[in-house]
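First comes the structure, then the notes that go with it.
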Amino acid sequence: MPQKWQQQFAATVSGSSNTAVTWAVTQGTGTIAQSGLYTAPQAVETDVVTATSQVDGTKSATSIVTIFPPHSVSLTWMPSSTTGVSYNVYRGTATGGPYNLLKSGVSTMNYTDSNVQSGSTYYYVTTAVDASGSRSVYSDEAQAVIPMP
């Protein structure tokens, strides 16, 4: 289970003895408790958190929260000896596979996998695909251990 990222928000209301606010996420898929504890989604996005005065609903303040991927894996490989090829990039969670296709038709000798989870280990292979669609055998396997942030 991926780790949940949380941030405690606080708001100050002046000019009234009632300093309570109502919290809401007005854009995005994060959540916020009425205590102000915000929980980020497991997605790369921008959320807007709003605190609205309970005494005067026309008084509010917002905060923008940008969720970035905590880690990525950058792969680089040697070109095929066959000219005019593209590459397929595969990823598995066990050494030796099975592997799932991440991206086909890669025209360069590099690829970045930004959809990785902290604390996981991934195994990557590539294949070369020629103009007729013939695919090479899998490349040697590369291992990536994603640390906890």
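The values are calculated or read from the model by the stated rules, or taken from the named source; none is laboratory data. Predicted model only: the values in this text are computed from it and were never measured. Positions of Cβ are generated from backbone atoms using ideal geometry, with glycine treated the same way; all protein chains shown enter the neighbour counts.
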Number of positions in the stretch 1-21 that are assigned to a strand (DSSP E or B) and either hydrophobic (A, V, I, L, M, F, W, C) or surrounded by 14 or more Cβ atoms within 10 Å (Cβ to Cβ) (or both): 2
Where in the stretch 36-144 are there strands (runs of 3 or more DSSP E), lying fully within it, with 2 or more residues that are over 29 Å from Val25 (Cα atoms) and touching a strand residue (DSSP E or B) at 6+ places or on another chain (Cβ under 8 Å)? 73-76, 86-92, 100-106, 110-113, 121-129
So, in the stretch 79-112, how many residues would count as being of a type in the set (A, V, I, L, M) and farther than 14 Å from Tyr124 by Cβ? 1
Within the stretch 79-106, of all residues that are farther than 26 Å from Val145 by Cβ and not hydroxyl-bearing (Ser, Thr, Tyr), the one surrounded by the most Cβ atoms within 10 Å (Cβ to Cβ) is Val85
Yes/no for Thr26 being part of a strand (DSSP E or B), under 30 Å from Ser114 (Cβ atoms) and outside the structural domain of Ser134 (by TED's automatic domain parsing): yes
Consider only pairs whose beta carbons are under 7 Å apart and that are at least six residues apart or on different chains; among these, list those whose first residue lies in the stretch 82-108 and is closer than 15 Å to Val137 by Cβ and whose second residue is surrounded by fewer than 16 Cβ atoms within 10 Å (Cβ to Cβ) and of a type in the set (Asp, Glu). Thr82/Asp130; Val85/Asp130
Go through the stretch 43-61 and give me each residue that's exposed (fewer than 13 other Cβ atoms within 10 Å of the Cβ) and within 24 Å of the chain's Cα centre (by Cα). Ala43, Val44, Thr46
Of the residues in the stretch 24-38 that are surrounded by fewer than 15 Cβ atoms within 10 Å (Cβ to Cβ) and β-branched (Val, Ile, Thr), the one that is nearest to Gln6 (Cα to Cα) is Thr29
